[in-house]
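Following: one structure in structure tokens, then a few remarks.
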Amino acid sequence: MLYPTITPTRNVIELSGIWNFKLDNGETDPVLSAQKKLTNSSPMAVPASYNDIGVVKEIKEHIGFVWYEKEIYVPNDLEKQRIVLRFGSATHLAKVYLNGALSIEHKGGFLPFELEVNNYIEDGKLRITIALDNTLDHSTLPVGIYEEEEYESLGKVVRNLPNFDFFNYAGLQRPIKLYTTPHQFIKDVTIVTDHDGDHGTVKYSVDTNPKEGLVRVTVIDEDGNKVAACEGANGEISISDVNLWEPLNAYLYTMKIELINENQLVDVYEESFGVRTIKVEGGQFFINHKPFYFKGFGKHEDSPIHGRGFSDAVNVMDFNLMKWMGANSFRTAHYPYSEELMRLADREGFVVIDETPAVGLHFNFHATGAIKKEDSTWERLQTFDHHRDVLEDMIARDKNHPCVVMWSVANEAATEENGAFEYFEPLVELTKGKDPQKRPVTIITYIGSSPEHDKIAELVDVLGLNRYYGWYEHGGELDVAKVKLKAELEAWQKRCPDKPIMMTEYGADTMAGFHEVAPVLFTEEYQNEYLRINHEIFDETDVFIGEHVWNFADFATSQNIRRVNGNKKGVFTRERKPKASAHMLRKRWMTIPDYGYKVIKDKITKG
């Protein structure tokens, strides 16, 4: 799926700004409502989450449908081309009406979808009306628990309990664009790279609609020089003296694709790409044939005011803070992040683990009270078909990004329960089959999915562990936590001796400015000491390939007695102010090389 860009044959109109907005209380027929303009609406920023911007509880905690609307003029010149309306995301179920006519429905809140709109334009105008439902249940990703209960004098009370630990922000949270292509156009491109020394190879496949005409491909370097060219919809290009895409030292080539019909240039598209290789072997993770060590974070798309809404300013600041710390990577916990952020990661050289929104697939871990302990998660879930669709769409969107080095199929699912293997085996196979670059695959597990009880370790290429010894387990007992963590890592090495292990989450809630002489829970001293004892075990463990602290910054959660105005495990506050741990991690990570950390350490130990 190609990202909309301006080229000599294409145009892009940004539809960000103020839209009309209102809550839907289920009292009107949505089809009839869409046939006329919204009434009694209020202004709403797009892209953004509506929850915090709406200020009042009725908007922040609304369950069900809301309405967005914007009417635009479509310039006459554009109507000569194919006109496409593209949503970066719509959380979680969208029904799109164009000039009152239902035109498309889309399920899933974190990936783009689009439709041609030429036939909907009336007198040069297009009224875009969207009914958007934030309800989560057993069939959605993430998973939620939907409840209705009658109370005397109150009537029906509706609850939608998230089966996960972050706020269910919703709305039109990513950019919306109107873009054009010629009626004969370049539909997609797939790029796979390799290199041997200074020689790079680029295999490509271009899909056009219709499948006719001549495809001409030119590779351009960062200085604007043409370094290679080829003709045909499929081919292989050689690049001499190749510049590699390296962590924190990115080099991006541009593939210029031209579609020619009857000696006339019909369409042009340009796709950035990096030449790099990925491989897992012998307990190590190789980028460009060198053993890579992950240093970084689990993150969230979360910031004050915007909620989960897209913000270039927030993304640039977050990347600058991570570079300041010596971080080289992050995981898109717990959903695919915006296309714009992924393109920025390509440019800045951050290594990314790309994760689906499959979080909450565990009814016996997240205590909601709605599911009995003995009930099987895999008998009750209805997510498989949607999970498959999301994986396909995520790979289609992100397949060419050099920053993406691994796919995460799910986070903290019930992988210790019977039925987990049968659920995940076809999804892992699908992921490997759909990815043209054949990246490694992981499934992130929680503490209950121990080496003794886990059902899926043999399916994945990397063991991604979320472990909180010293916080949720043995909180305040760091000596015990250290022993327990070491024992588990040794057990994993015994069960999967040549499989790399990575700590994808570890952290402690910390109130900024809260201090004690002794490392007491919730103090900055405890967070530092917690991280230190984890690092000691990491450094002693063979086949250990990286550490992602949970979390980069404090983030919003639903109200519950475990959280005081959100999750405070960030090494930065939600406003991006550093806690003491940020300085401690910077000191550690600036001394750990991106490549060869374990190899260098072993040589030092032996010599």
Yes or no: the stretch 38-48 includes at least one residue that is crowded, with 19+ Cβ neighbours inside 10 Å, at pLDDT 95 or above and assigned to a strand (DSSP E or B).
yes
Check off (1) surrounded by 13 or more Cβ atoms within 10 Å (Cβ to Cβ); (2) out of contact with any strand residue (DSSP E or B) (no Cβ under 7 Å at 6 or more places or on another chain); (3) of a type outside the set (A, V, I, L, M) for N76 and give me the number that stays unchecked.
(1)
Taking the stretch 374-418, which residues are of a type in the set (G, A, S) and over 30 Å from T254 (Cα atoms)?
S376, A410, A413, A414
What number of residues within the stretch 74-94 are modelled with pLDDT under 95 and closer than 24 Å to G171 by Cβ?
0
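Looking at this structure, is G296 over 30 Å from G419 (Cβ atoms), small (G, A, S), crowded, with 24+ Cβ neighbours inside 10 Å and touching a residue at least 24 places away in the same chain (Cβ under 8 Å)? Can you show your working first?
On the way: over 30 Å from G419 (Cβ atoms): yes; small (G, A, S): yes; crowded, with 24+ Cβ neighbours inside 10 Å: yes; touching a residue at least 24 places away in the same chain (Cβ under 8 Å): yes.
Here the answer is yes, as G296 does meet what is asked.
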Looking only at residues that are in contact with a helix residue (DSSP H, G or I) (Cβ under 7 Å, 6 or more places away or on another chain) and charged (D, E, K, R) in the stretch 38-78, which one is nearest to Y146 (Cα to Cα)?
K60
Residue by residue through the stretch 429-478, note down the ones that are closer than 19 Å to G360 by Cβ and of a type in the set (A, V, I, L, M).
I443, I444, I447, I456, L465
Here's a check for you: in the stretch 265-277, which residue that is surrounded by fewer than 21 Cβ atoms within 10 Å (Cβ to Cβ) and among the hydrophobic types (A, V, I, L, M, F, W, C) is farthest from the chain's Cα centre (by Cα)?
L265
Here is a check on your reading of the model: is E339 assigned by TED's automatic domain parsing to the domain that holds L430 and crowded, with 24+ Cβ neighbours inside 10 Å?
no
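Residue by residue, here is whether (1) closer than 30 Å to R563 by Cα; (2) surrounded by fewer than 21 Cβ atoms within 10 Å (Cβ to Cβ); (3) under 18 Å from the mean Cα position of the chain (by Cα); (4) not assigned by TED's automatic domain parsing to the domain that holds K60 holds:
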residue: T91; (1), (2), (3), (4): yes, no, yes, no
residue: G109; (1), (2), (3), (4): yes, no, yes, no
residue: P112; (1), (2), (3), (4): no, no, yes, no
residue: N118; (1), (2), (3), (4): no, yes, no, no
residue: I130; (1), (2), (3), (4): no, no, no, no
residue: G155; (1), (2), (3), (4): yes, yes, no, yes
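Determine whether the stretch 421-433 contains at least one residue that is in the same structural domain as G507 (by TED's automatic domain parsing) and in a loop (DSSP other than H, G, I, E, B). Talk me through it step by step, then tell me what you get.
Filtering the stretch 421-433 for residues in the same structural domain as G507 (by TED's automatic domain parsing) gives 421-433.
If we keep only those that are in a loop (DSSP other than H, G, I, E, B) too, we end up with none.
There is no residue in the stretch 421-433 that is in the same structural domain as G507 (by TED's automatic domain parsing) and in a loop (DSSP other than H, G, I, E, B).
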Residues of the stretch 412-422 satisfying the condition of being of a type outside the set (A, V, I, L, M) and buried (at least 24 other Cβ atoms within 10 Å of the Cβ):
E412, T415
Check on G26, part of a loop (DSSP other than H, G, I, E, B) and buried (at least 20 other Cβ atoms within 10 Å of the Cβ)
no
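Which of the residues that make up the stretch 100-136 are assigned to a loop (DSSP other than H, G, I, E, B) and touching a residue at least 40 places away in the same chain (Cβ under 8 Å)?
Narrowing the stretch 100-136 to residues assigned to a loop (DSSP other than H, G, I, E, B): 100, 108-112, 117, 121, 123-124, 134-136.
G100, G108, G109, F110, L111, P112, V117, I121, G124, N134, T135, L136 - these are the residues of the stretch 100-136 that are assigned to a loop (DSSP other than H, G, I, E, B) and touching a residue at least 40 places away in the same chain (Cβ under 8 Å).
Just name the residue that is nearest to F572 (Cα to Cα) out of those in the stretch 471-509 that are among the aromatic types (F, W, Y) and assigned to a loop (DSSP other than H, G, I, E, B). Explain how you work it out, then say what you get.
Quick first cut of the stretch 471-509, residues among the aromatic types (F, W, Y) only: 471-472, 492, 506.
From what's left, assigned to a loop (DSSP other than H, G, I, E, B): 471-472, 506.
On the way: W471: 18, Y472: 21, Y506: 15 Å.
My answer is Y506.
For the stretch 366-389, which positions are of a type in the set (A, V, I, L, M), at pLDDT below 90 and either closer than 22 Å to W407 by Cβ or surrounded by fewer than 16 Cβ atoms within 10 Å (Cβ to Cβ) (or both)?
Initial filter on the stretch 366-389 (of a type in the set (A, V, I, L, M)): 367, 370-371, 381.
Add one more test, that the residue is at pLDDT below 90, and what stays is 367, 370-371.
Those that are of a type in the set (A, V, I, L, M), at pLDDT below 90 and either closer than 22 Å to W407 by Cβ or surrounded by fewer than 16 Cβ atoms within 10 Å (Cβ to Cβ) (or both): A367, A370.
When residues of the stretch 204-253 are filtered for being basic (K, R) and outside any strand (DSSP E or B), how many remain? Step through it out loud before you land on a result.
Filtering the stretch 204-253 down to residues basic (K, R) leaves 211, 216, 226.
The next check asks that each one be outside any strand (DSSP E or B); those that pass are 211.
Number satisfying all stated conditions: 1.
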Restricting the first residue to the stretch 1-18 and requiring it to be of a type in the set (K, R), which pairs with a second residue that is assigned to a strand (DSSP E or B) and at pLDDT 95 or above meet a Cβ separation below 9 Å and a spacing of at least six or different chains?
R10/Y179; R10/T180; R10/T181; R10/F185; R10/D267; R10/V268; R10/Y269
D354 passes all but one of (1) in contact (Cβ under 8 Å) with a residue 60 or more places away in the chain; (2) of a type in the set (D, E); (3) touching a strand residue (DSSP E or B) at 6+ places or on another chain (Cβ under 7 Å); which number fails?
(1)
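Criterion first (outside the structural domain of N118 (by TED's automatic domain parsing), in contact (Cβ under 8 Å) with a residue 60 or more places away in the chain, farther than 30 Å from V359 by Cβ and not aromatic (F, W, Y)) does N249 satisfy it? Steps first, answer last, please.
Values: outside the structural domain of N118 (by TED's automatic domain parsing): yes; in contact (Cβ under 8 Å) with a residue 60 or more places away in the chain: yes; farther than 30 Å from V359 by Cβ: yes; not aromatic (F, W, Y): yes.
It is true that N249 is outside the structural domain of N118 (by TED's automatic domain parsing), in contact (Cβ under 8 Å) with a residue 60 or more places away in the chain, farther than 30 Å from V359 by Cβ and not aromatic (F, W, Y).
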Has the stretch 452-469 got any residue that is in a loop (DSSP other than H, G, I, E, B), surrounded by 15 or more Cβ atoms within 10 Å (Cβ to Cβ), of a type in the set (G, A, S) and in contact (Cβ under 8 Å) with a residue 40 or more places away in the chain?
no
Residues to consider are K57, K36, K125; find the one that is out of contact with any Cys (no Cβ under 6 Å at 6 or more places or on another chain), under 21 Å from A170 (Cα atoms) and of a type in the set (D, E, K, R).
K57
Selection count where residues are touching a Phe, Trp or Tyr at 6+ places or on another chain (Cβ under 9 Å) and at pLDDT 95 or above, scope the stretch 544-575:
22
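Within the stretch 172-181, can one find any residue that is within 30 Å of D207 (Cβ to Cβ), aromatic (F, W, Y) and crowded, with 22+ Cβ neighbours inside 10 Å? Before the answer, list the steps.
At the first step, the residues of the stretch 172-181 found to be within 30 Å of D207 (Cβ to Cβ) are 172-181.
Subset that is aromatic (F, W, Y): 179.
Pick out the ones that are also crowded, with 22+ Cβ neighbours inside 10 Å and you get 179.
Yes, there is a match, as at least one residue in the stretch 172-181 is within 30 Å of D207 (Cβ to Cβ), aromatic (F, W, Y) and crowded, with 22+ Cβ neighbours inside 10 Å.
Going by the conditions given, is V55 under 20 Å from Y97 (Cα atoms) and either within 28 Å of the chain's Cα centre (by Cα) or surrounded by fewer than 19 Cβ atoms within 10 Å (Cβ to Cβ) (or both)?
Values: under 20 Å from Y97 (Cα atoms): no; either within 28 Å of the chain's Cα centre (by Cα) or surrounded by fewer than 19 Cβ atoms within 10 Å (Cβ to Cβ) (or both): yes.
It is false that V55 is under 20 Å from Y97 (Cα atoms) and either within 28 Å of the chain's Cα centre (by Cα) or surrounded by fewer than 19 Cβ atoms within 10 Å (Cβ to Cβ) (or both).
The values are calculated or read from the model by the stated rules, or taken from the named source; none is laboratory data. Only a predicted model underlies this, so the values are computations on that prediction, with no experimental measurement involved. Here Cβ is always computed from backbone atoms with ideal geometry, including for glycine, and neighbour counts include all displayed protein chains.
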